[in-house]
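Heads up: the structure comes next, in C-alpha cells.
The values are calculated or read from the model by the stated rules, or taken from the named source; none is laboratory data. Quantities reported herein were computed from a predicted structural model and do not represent experimental measurements. In this analysis, Cβ positions are derived from the backbone assuming ideal geometry, glycine residues included, and neighbour counts consider all displayed protein chains. When the accessible area is computed, the model is the full protein with side chains, heavy atoms only, and any ligands, DNA or RNA have been set aside. Shrake-Rupley method; radii C 1.70, N 1.55, O 1.52, S 1.80 Å.
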Amino acid sequence: MAEEEDTRIRILQSLRGKICEGKNLGPCSGPNRQRDLCTFCTISLDQEEVFRTKVFDKSLSPFYGEDFYFEIPRPFQCLSFYVFAKGVFQRDLPVGKVSIRKEELCKFSGKEHWFGLQPVDPNSEVQGKVHLEMRLNELIIENGSMCQQLLVRIIECQGLPLISGQNCDPYATVSLPSSVTRPNSYTKKSNFPVEEEDIEKLEIKVDLWNNGNLAQDVFLGETRVSVKILRNDHIHRAWYLLQPKGNGKSKTDDLGSLRLNVTYIEDNVLPSACYTPLRTLLLKSPDIKPISASAAHILGDICRERYEAVLPVVRLLLHHSRLVPFVSAITVLELENTQEANTIFRGNSLATRCIDDMMKIVGRSYLTVTLKPVLDEICESNKTCEIDPIKLKEGDNVEVNKENLQGYVQKVFSSITQSSSSCPPLMCDVFRSLRHMASKRFPDDPHVQYSAVSSFVFLRFFAVAVLSPHTFQLRPHHPDLEVSRTLTLISKTIQTLGSWGSLSKNKLSSFKESYMYDFFKSFQEDKCIEKVKKVIKLTVPISSQYLFCFREIQKRAQGRKRIGKRNFKKRWLRVTNRELSYHKHRGKEALCIIPVKDIRAVEKLYESAFNRKNMFQVLHSEKPLYVQAGNCVEASEWVEVLSQVSRCNPDRLGTFHPSAYVAGAWLCCRSLSDSQPGCKPCTPTLLANLQLDIDCDRETERIFSLLTSSYSKLQKMEDACASIAVYQGPPREQDDYSLFTIQDPKETFHTVRQITHILEELQREHDTRSGTAQYGSQENPIVGKTS
C-alpha cells in the first residue's frame, strides 16, 4: 500500500472566476417577457449545484460581481451557469444557462467572455456514462442460411444525477433506428438479426430513463454507437458519455447573455520526491546574489504578465519560512530602481505582488477580527451615505448622509488603528523590513518609513477589504448597489487617511471631487496622523499597558551553573504588553524587569534539564530566565502569552538549546561554549493563530507548469545572458532581453540552465507516469454520437 502511495499521481482540480453581469435577460418578446426580473445565478458541476449568488432585484441587466473559487473533488463532464428568476409564491423559474464542456474550458481561461444563454430543456440536462458491450454472432435461420445476430448488453452506469435529492431508479431502452431501405424489422430488444450489407448503415441507440413510478419518467441521456465498429472486431466493450437529445440545441428567442470569467486548473501532482530538485532550487532563492539570478525571481520575470505566477512561489516560501528574506531581497532591488521617495512601491512589481499575496494568505484572520464586526453593521443597517450632489435621491438630506458616513469612517478607522496587537507576526516582520530599507534608501526623508508601509497596510489591504468584503469572506455575497457605494466612499477615505503623504492640507487638492474635499477636511487632525504612525509601527499604544498574566511560579536563579533545589525560589511572575517582571511578593516592587522588546525567544525545556516538569525559558539580551509553572496547562499558557507579546521583536532567535548549560557543557548537544547557537529550531510564531493548509507538491507542480508554458522566454533569457556576457556593453533597447532583469549574466545563465534541466527531468516523469487511459475506458469514455 505504501508503495502505491509513493507512485500514484494525484489529479487535483480547481475553478476560480467571476460571475460579472447579465444583459437583456429573459425572452425578448411575447407573454413571458418580464420587465422587473429578480434574478440570481448558480454554478453546477454536471447537475450538482455548488455555488449561488445573492438575488439581484428588478433588473434585466443585473451586475452580480460575485467571485468564486472552489476545489473540484470529483470528475465532471460539464460546467454550467444557470440564471433563475426568483419566485415569490412559486418555485424559481430558469431563465437560461451557459454550459461549457470540461475539455473546452481552456479556451476561455483567465479572460472575460460574453456567453449567450441557452434554454433549460429537461432533455438537455444530462450527466454520467454507460458501459456497453456489443457483439456480432453468426446465426443459422429457418431456411438454413447464415446471418449476423447483434447482441447489446448494458453492463452498468455511473455518475447519473440525483432526482429530487434521491438516487435515481434508472432503466434503459435499446433501439436500432431504421436507416435501410429493405422492409426488414428491427424491433426486438437487445437481440437483432442484421444483414451483412446493413452493418455500415446501422447504429445502436441507448436511452437512459428514471422510473418515475406514479410520476412521469425523466430522460437521463442517450448515446449512439455505429454497428460498423464490429466490422473488424466482433466484440466491442467500452464506456460512453451520455448525451442530450438532439445535442441539446433548439431554436428559441434570445434569452440574453452572461459575462463570465472562468479559470479551470488541473494539476497532475507527482509523488513528492519528483519535486525535490525544483523545490530545493526555489528555496535557495533568498540566498542567491544577486537576487535577480534566483529561480523565484526568474519565474516572476518571465511570467510578469501572469498574475497567478507569484502565488505558488509565495505559498511555497511561506510554508518553509523563507518568504521574509526573499521579500527583503527583492525589495532592495526595487528600491535601487526607485528615484523618488513619493513613488515608492507604486507599481505592480514582483515585490508588491509577493507582499499582496502574503497579506491575503496570512492576514485573513486579522481582517476578520478587525473589520468583520463593523462591516456587518454597515451592510445590515441600510443607512444612506451618499454625499455626491449629483447622485442624491429625492428626499435625501446631504448633511444627515455626511454624518452617517463620517460615523462609519470613524468606526472603520478606529478598528484599524487599534488592531496592531492582532497583526500576524510575519506581516510585522515584512513591514518592519520595509521601514528599515526605505529609510536606508532615502535617509533625508523622515516620512518615507511610514509611506512605504501605509501603501500596503491601508491602500492594498484594509481599503481593498472594505471595498470588496465578500472577496475576503467577510460577507457572504457582493453587497447591493447602495451599500457598495457606501463602502466605496469609506474605502476612498480610509486610503487617504492611511496615506502618510496625504495627511497634510496641501494634499487636499489631490481629490478630484469637491464633495470629497469638503468631507475629508473634518479628519485633518494631528491625532489621525499619530494613530496611523502607531499602527504602521505595529506596536500597542505606549500610553496603554495591559496585564496579561500574574501568577506564582518557581524561578531558577539566573547565572547559576549547578543544579540544586536551593537554586529555585518561589516568585510571582508578571507580564504586560511592555515588560516581564518577577516579584518576591504579589503587589511588591519588582526584583527584576525584562522589557518585552528584549525578549528573543520563549521555549519549553526538556524535563531532564533540571529534573523538573513544566519548565520553560525566556531568552533575552542577558542570561536566560528559567521558570517552572504550576502545571502543564499554565506552562503552555505562559509560553503562548510571552510569545504573542514578543512576536514582533526584530531580534528573535532562529534556534535555541532545549536544555541547560551545566558544568561547562550544554546538556542537549554537549557543546562546550555557552555562547554556542542553539541546536534546535525555535517554534515558528507564524502558525500560532493561523491554520495554513499548503500543499507544497501541488504548488511546485504549478510552478513547473508556469515555467513550462513560458519555456520560450526562458530560452530567450538564456540567450540574453550569453549575449550580454560576450557583448559586455549596456543593454540595447531593441533586443528582446532588455525586458529581463539581468544583473549578473553568468549567475543568471547558471540558474536558467539548472531550471531547464529540472524541467526536462520533470517532464520525463510526467510522460512516464501519466499515460493516457485507453479510449473507451472508464477513465477516458467515448463521446458518443447524438441525434
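Computed with every protein chain present, the accessible area of LYS402 is close to 60 Å² [probe 1.4 Å].
Largest first and in whole Å, the equivalent-ellipsoid semi-axes of segment 308-432 read 37, 19, 13, each the square root of five times a Cα gyration tensor eigenvalue. With a Förster radius of 30 Å applied to the C-beta separation of ARG91 and GLU482, the computed FRET efficiency comes to 0.55.
Quick one: net charge of ALA635's neighbours, Cβ under 15 Å, K/R +1, D/E -1? Don't skip to the end; give the middle numbers.
Values: positive: ARG551, LYS555, ARG556, LYS604, ARG612, LYS613; negative: GLU552, GLU603, GLU607, GLU634, GLU637, GLU640.
Residues close to ALA635 contribute a combined charge of 0.
Charges were assigned to the Cβ only: +1 to each Lys and Arg, -1 to each Asp and Glu. The resulting dipole of segment 578-662 about its Cα centre is roughly 120 debye.
Need the full-extension length gain, ASN232 to GLU156, defined as separation in residues times 0.36 nm minus the C-alpha distance. One decimal, nm.
Answer, rounded to one decimal: 24.9 nm.
Using Cβ point charges alone (K and R +1, D and E -1), the dipole size of segment 364-537 about the Cα centre works out to roughly 820 debye. Number of Lys-Lys pairs in segment 547-681 with C-alpha atoms under 12 Å apart and a separation of 8 or more places or on different chains: 9.
Between ASN611 and GLU761, the distance separating the two model label sites (each 7 Å from Cα on the Cα→Cβ line) works out to 5.2 nm. Net charge of the neighbourhood of LEU12, taken over other residues with C-beta under 12 Å away and scored Lys/Arg +1, Asp/Glu -1, is -3.
Bridging of LYS372 to aspartates and glutamates at a Cα separation below 19 Å is possible for GLU66, ASP67, GLU380, ASP480, GLU482, once same-chain residues fewer than 8 apart are set aside. When segment 364-537 is described by a simple charge dipole with +1 on each Lys and Arg Cβ and -1 on each Asp and Glu Cβ, the residue from PRO476, HIS447, VAL409 located farthest towards its positive end is HIS447.
Once the Cβ-Cβ distance of ARG346 and HIS585 is raised to the sixth power relative to R0 = 56 Å, the FRET efficiency obtained is 0.45.
How long is the gain from ASN567 to SER272 if the chain were fully straight, where each residue apart is worth 0.36 nm and the alpha carbon distance is subtracted?
Working: separation 295, 0.36 × 295 = 106.20 nm, distance 5.00 nm.
Length difference between fully extended and current span is 101.2 nm.
Assuming charge only on the beta carbon of Lys and Arg (+1) and of Asp and Glu (-1), the dipole of segment 328-465 about its Cα centre is about 420 debye to the nearest 20. In terms of accessible area, using a 1.4 Å probe and ignoring ligands and nucleic acids, ILE9, ILE344 rank largest first as ILE9, ILE344. Rg/Rh for segment 547-681 (Cα atoms only, Rh after Kirkwood) is 0.93. Among the listed pairs LYS360/LYS492; LYS86/LYS107; LYS289/LYS746; LYS201/LYS245; LYS18/LYS360, a Cα-Cα separation exceeding 23 Å is found for LYS86/LYS107. Heavy-atom accessible area for VAL633, with the other protein chains in place and a 1.4 Å probe, reaches approximately 90 Å².
So which trypsin sites (Lys or Arg not before Pro) in segment 571-644 are both in a DSSP loop and have at most 13 other Cβ atoms within 10 Å of their Cβ? List each step's numbers first, then the result.
Values: sites: ARG571, ARG574, ARG578, LYS584, ARG586, LYS588, LYS597, ARG600, LYS604, ARG612, LYS613; in loops: ARG578, LYS584, ARG586, LYS588, ARG600, ARG612, LYS613.
Sites meeting the loop and neighbour criteria: LYS584, ARG586, LYS588, LYS613.
In this label model, ASN211 and GLN166 are separated by 1.2 nm, measuring between points 7 Å along each Cα→Cβ vector. SER61 contributes about 60 Å² of solvent-accessible surface, heavy atoms of the protein only, 1.4 Å probe. Ranking ASP697, ASP396, ASP444 by solvent-accessible area of protein heavy atoms (1.4 Å probe, all protein chains present), from largest to smallest, gives ASP444, ASP396, ASP697.
Compute the whole-percent fraction of alpha carbon pairs in segment 364-537 spaced more than 23 Å apart. I get 41 percent for the Cα pairs in segment 364-537 exceeding 23 Å.
Taken along the Cα-to-beta-carbon direction at a fixed 7 Å, the label points for ASP388 and GLN676 span 6.9 nm.
What net charge do the residues around TYR515 carry, taking every other residue with its C-beta under 10 Å from that of TYR515, with Lys and Arg at +1 and Asp and Glu at -1?
It works out to a net charge of -2.
The calculated FRET efficiency for LYS440 paired with TRP114, based on their beta-carbon distance and R0 = 56 Å, is about 0.65.
Residue order by solvent-accessible surface for CYS106, CYS20 is CYS106, CYS20, largest first, with ligands and nucleic acids left out and a 1.4 Å probe. Taking the average, over residues, of other Cβ atoms within 10 Å as the packing measure, peptides 305-315, 384-394 rank 305-315, 384-394 from highest down.
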